[in-house]
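*Asks:* Dumping the structure here so I can ask a few things about it.
No value in this document is a laboratory result; all are computed from the given coordinates. Just so it is clear, the structure is predicted and the values come from calculations on it, not from any experiment.
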Amino acid sequence: MDADPPFHQIYETLLDKNTRGADDHREVGEIIEECELPLIDLGRLSLGNFEKEMCKSEIARASQEWGFFQVVNHGISREILDKMRSEQVKVFKKSFNEKIKEEKVLNLSSGTYRWGTPTATCLKQLSWSEAFHVPVTDIMASNGFSTALR
């Protein structure tokens with residue numbers, strides 16, 4: 001069983017339409033813009049007022065422009081992060097068919113598992129992501145998550 005969502009199958013027509021006539025992959029790469037996620041240093045929140053306000057401003061800007069961002073100096077230990085990462089890998093390695101049945105297999109709310117942009121009509125709308133958007137209530141009640149991931 002394949003763990004990955006059917007990106008190629010769903011996006012095949014869109015990719016073919018937008019890359020027809022491309023002599024090589026460089027032309028396709030020019031169409032798709034690569035960006036670096038904002039990185040926020042949360043340690044600045046405990047500094048002086050100016051640094052705190054700048055940090056808050058960066059969080060607000062990243063939230064508006066991206067919808068998410070990376071954080072450093074958040075106070076979560078490496079041990080906890082490593083355990084959580086290990087459990088995340090287990091969840092994402094489940095077969096695609098198991099992940100789309102999140103209610104039955106993972107004891108999560110319907111619609112929690114999301115991948116890609118099946119409704120994309122142009123390359124700029126494509127998202128090659130795979131994610132679980134898990135409400136806190138699901139985490140607290142879930143029998144599907146290990147204690148480390150919870």
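*Asks:* Give me the one-decimal Kirkwood hydrodynamic radius in Å for the stretch 39-125, with the sum taken over alpha-carbon pairs.
*Replies:* Taking the inverse mean of 1/r over all distinct Cα pairs, the stretch 39-125 comes out at 16.4 Å.
*Asks:* Checking the cross-link filter: which lysines have an alpha carbon closer than 30 Å to that of residue 90, excluding same-chain neighbours under 8 positions apart?
*Replies:* 99, 101, 104
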